[in-house]
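These notes concern the structure reproduced below.
The values are calculated or read from the model by the stated rules, or taken from the named source; none is laboratory data. Just so you know, these numbers come straight off a predicted model, no measurement behind them. Cβ: placed from backbone, ideal geometry, glycine included. Neighbour counts: every protein chain shown.
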Amino acid sequence: MNRLSTGAAFGLAVVATAVAGSSVATATPSTVRAAAAQPGDPSPALRAAASGADATADRLGLSADEGLVARSVVTDADGTTHTRYDRTFRGLRVVGGDLVVEASPSGSVRQVRTNASGKVAVSSITPTLAKATALATGERQARATGEKSVGELVVWAGGASPRLAYDVVTTGVRANQTPSRLHTIVDARSGSVLASWDEIVEGTGYSIYTGTVTLNTTGSSGAYRLRDSVGNYTTDLNQGTTGTGTEFTDADNVWGNGSTTSRQSAAVDAQFGAERTFAYYSTQQGRNGIWDNGAGARSRVHYGNSYVNAFWDGTQMTYGDGSGNTNPLTELDVAAHEMSHGVTENTAGLVYSGDAGGLNEATSDIFGAGVEWYVNSSVDKPDYLMGEEIDINGNGTPLRYMDKPSRDGRSQDCWTTGTKNLDPHYSSGPLNHWYYLVSEGSSAKTINGVSYNSPTCNSSTMTGIGHLKVEKIWYRTLSTKLTSSSSYQAAREGAIASAKELYGASSAECAAVEKGFNAIAVPAGSQTCGSTTPVPEPTGNLLQNPGFESGATIWTGSAGPITNNTGRPARTGSWKLWLGGNGSSASESEQQTVTVPSTATAPKLTYWVRVDTAESLTTAYDTFKAQIVVNGVTTTLTSLSNRDANSTWVQKSYDLSAYKGKSVTVKFSATEDSSLQTSFVVDDTAVSTS
């Protein structure tokens with residue numbers, strides 16, 4: 001047994017990166033576990049996570065072929081850490097192998113959230129498909145001019161099972177002059193396309209007038225620079241789409257004139273959006289910039305005859321309008337939407353396809369609205385609409401509605417199994433709807449002169465808790481719970497868990513979050529709000545050493561599971577029955593035989609169980625059973641798996657009236673597969689007579 005114990009300016013068509021992994025360097029066996037995937041000087045917490053990657057991999061029961069690359073660390077006030085890792089296999093980068101490790105202040109692992117299946121091992125890392133063939137496949141997928149492809153041999157772990165593949169990145173320029181960086185995951189044996197997404201994802205938004213704005217520039221008279229104190233600054237690409245550009249300077253510190261002919265006006269747009277979004281994340285979410293390391297973002301502006309593109313370095317977020325629209329001033333919520341794509345890339349890394357694509361796009365809408373509420377401009381009043389001040393449809397309607405997304409004619413209000421098949425701009429609808437409902441409720445109301453009416457998908461009624469609380473809950477979900485291919489169900493689980501952590505299980509905030517997901521038709525999982533009423537403590541307990549405090553006595557079975565190891569908590573005392581937790585193939589059990597008196601008035605079996613896992617929550621890999629054995633006949637009372645993990649104690653109770661007058665064996669057992677641990681911890685057992 002190997003128990004894991006320790007632990008104001010210019011036009012735009014929204015275009016932004018949305019994939020994690022592109023910033024992670026190709027791993028080698030000698031460097032992978034010492035790496036931290038973040039530009040600039042990493043934080044002390046991230047450096048510590050990188051240096052401790054080996055120990056964490058061992059703690060999780062990963063094989064010697066697997067490595068961890070620390071990407072980010074979120075530390076709670078009580079010292080709990082949420083460390084996000086990318087993974088490698090035999091030196092190859094694993095795309096979609098990301099996971100989040102939640103650890104107690106003492107370092108013990110509480111829970112691991114993995115992406116997709118959680119498996120990364122492939123039988124061979126020798127491809128049978130030529131790299132040139134994979135590159136050609138990637139170029140056929142692209143729709144850009146001036147294409148150039150590069151390919152990297154990787155393990156693709158974003159699907160049902162890991163596959164050896166090429167990550168082919170094809171760069172080029174689209175017809176509207178926005179750049180493209182298309183990832184095509186090509187099976188390195190069959191040549192089939194396993195997945196595809198563009199780092200620079202194209203949407204639609206248009207310029208609006210936001211009034212005179214204040215910029216935090218630096219420099220002195222005659223030589224002012226469009227750069228603030230944290231390093232947000234703007235350069236001019238001079239009609240180019242690559243390079244670093246020339247930094248904007250000005251003699252009198254008055255920038256632009258609001259005209260389509262002014263290059264400075266475009267720069268003001270990029271700078272103002274970056275500054276205000278940085279301030280929102282810093283003051284409202286406690287995040288210090290895109291990378292959470294205090295570094296500002298460089299906005300690179302390409303100014304053409306009928307469009308403007310701005311690129312935030314590191315995430316290459318772009319906004320521009322290639323449609324001929326020349327309205328000179330842009331809306332803040334769309335600029336904040338773009339920078340928020342960078343925050344998503346550097347937290348959950350949600351890929352821009354499937355459910356994850358919709359969650360990615362909705363996240364930018366949510367924080368775009370949040371920044372607009374934070375700035376609270378009297379000219380561009382905050383609302384739950386996107387791009388509302390541009391007549392995009394020729395009839396005065398906005399780009400997107402958060403109270404009822406389907407009003408745009410294409411977005412969904414309610415989640416369905418087909419949501420994942422939509423363009424992310426439309427599969428974002430259910431989460432946008434959730435944000436509005438939990439913020440404001442379902443009743444008709446007017447806010448800042450805008451009328452809203454948000455019917456639910458289950459005909460329920462809701463009362464809102466305010467947008468800022470919802471944004472805080474969603475940011476915690478994004479930064480500590482979600483992984484690159486997370487589904488709407490994972491979003492529900494993560495948001496309820498985050499609401500409990502921030503406000504408490506019995507809080508109105510948690511109840512609203514849960515009710516909101518019911519209202520958009522996302523199926524319930526294991527996370528729930530509120531407190532359950534425990535079964536009354538039993539009387540006349542027939543089991544001996546029921547709480548295991550006498551150590552490995554009375555109970556019979558495998559050596560080792562009855563333990564006071566501090567790697568998992570006991571419910572009471574310090575001893576418990578810890579089944580599983582090995583991270584390797586193993587079967588363990590403990591049992592005890594008692595006789596249920598024929599005179600027992602209401603005999604029952606009760607026990608408490610706690611489940612945590614490093615496996616995914618989608619497939620049952622590791623299992624637990626509570627059983628009654630009588631005369632060789634086994635009856636299973638409880639069957640749990642890694643899918644039931646929630647790291648909280650749950651009480652189980654079963655009527656034993658059918659066994660009065662009989663000798664019964666109470667048996668607890670668990671079986672783990674070959675990798676990734678699941679811990680089933682049992683405590684305070686009882687067979688009572690009444």
Query raised in the report: When the residues of the stretch 87-115 are filtered to those that are of a type in the set (Gly, Ala, Ser) and assigned to a strand (DSSP E or B), which remaining residue is surrounded by the fewest Cβ atoms within 10 Å (Cβ to Cβ)?
Result: 103
**Report entry** Of all residues making up the stretch 529-564, the number that are assigned to a loop (DSSP other than H, G, I, E, B), of a type in the set (A, V, I, L, M, F, W, C), at pLDDT 90 or above and more than 30 Å from residue 463 (Cα to Cα)
**Finding:** 4
Report summary line: Expected output for the stretch 655-666 (first residue crowded, with 16+ Cβ neighbours inside 10 Å, partner basic (Lys, Arg), Cβ below 8 Å, 6+ apart or cross-chain) is 656/604
Query raised in the report: Failed condition for residue 63, given (1) modelled with pLDDT under 95; (2) touching a Leu at 6+ places or on another chain (Cβ under 8 Å), with all others met?
Result: (2)
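Going through 559, 511, 495, 586 one at a time, which residue ends up being touching a helix residue (DSSP H, G or I) at 6+ places or on another chain (Cβ under 8 Å) and hydrophobic (A, V, I, L, M, F, W, C)?
Values: 559 fails: touching a helix residue (DSSP H, G or I) at 6+ places or on another chain (Cβ under 8 Å); 511 fails: touching a helix residue (DSSP H, G or I) at 6+ places or on another chain (Cβ under 8 Å); 586 fails: touching a helix residue (DSSP H, G or I) at 6+ places or on another chain (Cβ under 8 Å).
Exactly one of 559, 511, 495, 586 is touching a helix residue (DSSP H, G or I) at 6+ places or on another chain (Cβ under 8 Å) and hydrophobic (A, V, I, L, M, F, W, C), namely 495.
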Query raised in the report: Is it the case that the stretch 575-589 has a residue that's farther than 19 Å from residue 684 by Cα, in contact with a Gly (Cβ under 6 Å, 6 or more places away or on another chain), surrounded by 18 or more Cβ atoms within 10 Å (Cβ to Cβ) and not aromatic (Phe, Trp, Tyr)?
Result: yes
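Can you tell me which residue in the stretch 607-654 is surrounded by the most Cβ atoms within 10 Å (Cβ to Cβ), limited to those that are of a type in the set (Asp, Glu) and assigned to a loop (DSSP other than H, G, I, E, B)? Talk me through it step by step, then tell me what you get.
At the first step, the residues of the stretch 607-654 found to be of a type in the set (Asp, Glu) are 612, 615, 622, 644.
Restricting the remaining residues to those that are assigned to a loop (DSSP other than H, G, I, E, B) gives 615, 622.
Working: 615: 25, 622: 28.
Residue satisfying both the conditions and the ranking: 622.
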Query - Every residue from the stretch 185-206 that is modelled with pLDDT of 60 or more, on the phi < 0 side of the Ramachandran plot and more than 22 Å from the chain's Cα centre (by Cα) - result: 186, 187, 188, 189, 190, 192, 193
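Taking residue 487, is it within 19 Å of residue 419 (Cβ to Cβ), surrounded by fewer than 24 Cβ atoms within 10 Å (Cβ to Cβ) and among the small types (Gly, Ala, Ser)?
yes
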Query raised in the report: Of all residues in the stretch 669-681 being assigned to a strand (DSSP E or B) and surrounded by fewer than 24 Cβ atoms within 10 Å (Cβ to Cβ), which is nearest to the chain's Cα centre (by Cα)?
Result: 671
Query - Looking only at the stretch 435-484, and only at residues there that are touching an Asp or Glu at 6+ places or on another chain (Cβ under 8 Å) and small (Gly, Ala, Ser), the one that is surrounded by the fewest Cβ atoms within 10 Å (Cβ to Cβ) - result: 464
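Could you grab me the full set of residues in the stretch 66-86 that are within 20 Å of residue 291 (Cβ to Cβ), assigned to a strand (DSSP E or B) and not polar (S, T, N, Q)? Before you say what the answer is, go through the steps one by one.
If we filter the stretch 66-86 for residues that are within 20 Å of residue 291 (Cβ to Cβ), which is where we start, we get 68-76, 81-86.
Among the residues that remain, those that are also assigned to a strand (DSSP E or B) are: 68-75, 81-86.
Those that are within 20 Å of residue 291 (Cβ to Cβ), assigned to a strand (DSSP E or B) and not polar (S, T, N, Q): 68, 69, 70, 71, 73, 74, 82, 84, 85, 86.
Got a number for residues in the stretch 499-521 being under 30 Å from residue 87 (Cα atoms) and buried (at least 24 other Cβ atoms within 10 Å of the Cβ)? Walk me through it before giving the result.
The first filter runs over the stretch 499-521 and keeps only residues under 30 Å from residue 87 (Cα atoms), leaving 499-502.
If we keep only those that are buried (at least 24 other Cβ atoms within 10 Å of the Cβ) too, we end up with 499.
Number satisfying all stated conditions: 1.
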Query - Subset of the stretch 116-160 (residues that are charged (D, E, K, R) and either at pLDDT 95 or above or not in a loop (DSSP other than H, G, I, E, B) (or both)) - result: 131, 139, 140, 147, 148, 152
**Report entry** Hits in the stretch 333-375 - residues which are farther than 18 Å from residue 422 by Cβ, at pLDDT 95 or above and of a type in the set (Asp, Glu)
**Finding:** none
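Working only within the stretch 382-400, note down all residues that are at pLDDT 85 or above and closer than 19 Å to residue 341 by Cα. Break it down into steps so the answer makes sense when it comes.
Of the stretch 382-400, the ones at pLDDT 85 or above are 382-386, 400.
Passing the criteria: 384, 385, 386, 400.
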Report task. Could you check residue 630 against (1) modelled with pLDDT of 95 or more; (2) more than 30 Å from residue 118 (Cα to Cα) and say which number it fails? Result -> (1)
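It is to be established whether one or more residues within the stretch 262-282 are modelled with pLDDT under 55, crowded, with 24+ Cβ neighbours inside 10 Å and of a type in the set (S, T, N, Q).
Narrowing the stretch 262-282 to residues modelled with pLDDT under 55: none.
Within the stretch 262-282, not a single residue is modelled with pLDDT under 55, crowded, with 24+ Cβ neighbours inside 10 Å and of a type in the set (S, T, N, Q).
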Report task. Check 526, 584 and return the single one that is touching an Asp or Glu at 6+ places or on another chain (Cβ under 9 Å), under 30 Å from residue 459 (Cα atoms) and in a loop (DSSP other than H, G, I, E, B). Result -> 526
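Mind checking which residues of the stretch 353-385 are in a helix (DSSP H, G or I) and among the polar types (S, T, N, Q)?
First, pick out the residues of the stretch 353-385 that are in a helix (DSSP H, G or I): 354-375.
Hits for the stretch 353-385 are 360, 363, 364.
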